[in-house]
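Heads up: the structure comes next, in structure tokens.
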Amino acid sequence: MSKLISGVNIAPSATPSRNSVIDLEATKKADKAKDADMAAYKRLRKSGVQPPKINGSAHLEQHAETTNEITTGHIYSSDYSRRENEKFLNDIGVG
């Protein structure tokens with residue numbers, strides 16, 4: 001008895017492209033950034049602050065000066081902007 005294997009189809013998306021080049025350094029850098037962001041996100045959550053997303057949490061943790069900056073994900077460019085925003089939040093009873 002013999003078996004006949006015929007008509008094996010492989011989808012193009014399952015095979016690597018000859019034209020694409022994998023940039024290992026960029027991949028390693030992205031993985032390192034993801035690890036740093038996840039660690040920062042966990043630290044911020046543990047301290048009772050909720051960042052808007054995991055990506056960028058390390059930057060927020062490093063540069064934000066108020067919890068409002070962390071929760072909104074927006075770091076103010078100047079101390080004046082920061083003070084005005086804090087004043088506004090206090091006036092409306094949120095801050």
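Rounded to the nearest 500, what is the chain's calculated 222 nm mean residue ellipticity when only DSSP H runs of at least 4 contribute -39500 (n - 2.57) each, over all residues?
That comes out to -16500 deg cm²/dmol.
Find which of I22, Q62, N90 sits farthest along the positive direction of the dipole of the chain, computed with +1 on the beta-carbon of Lys and Arg, -1 on that of Asp and Glu, about the Cα centre.
The listed residue farthest towards the positive side: I22.
What is the local net charge at T72, summed over the other residues whose Cβ is closer than 15 Å to its Cβ (Lys, Arg +1; Asp, Glu -1)?
Once positives and negatives cancel, what remains is -3.
Students often forget the sequence filter, so: which lysines lie under 21 Å Cα-Cα from K42 once same-chain residues fewer than 8 apart are removed?
Once the sequence-local lysines are set aside, what remains near K42 is K29, K32, K34, K53.
Protein chains only, probe 1.4 Å: how do V8, V21, V49 rank by accessible area, largest first?
Of V8, V21, V49, the descending order of accessible area is V21, V8, V49.
Can you compute the charge dipole magnitude of the chain about its Cα centre, using +1 on each Lys and Arg Cβ and -1 on each Asp and Glu Cβ, nothing else charged? Give it in debye, rounded to the nearest 20.
580
When the accessible area of the chain is split by element with a 1.4 Å probe, what percent falls to carbon and sulfur? Please list the in-between numbers first.
Numbers: 4380 of 8090 Å².
Carbon plus sulfur share of accessible area: 54 percent.
The values are calculated or read from the model by the stated rules, or taken from the named source; none is laboratory data. A quick note: this is a predicted structure, and the numbers were derived from the prediction, not measured. Note: ideal-geometry Cβ built from the backbone for every residue, glycine included; neighbour counts use all protein chains shown. Keep in mind that these areas ignore ligands, DNA and RNA; they rest on the heavy atoms of the full protein, side chains included. Shrake-Rupley method; radii C 1.70, N 1.55, O 1.52, S 1.80 Å.
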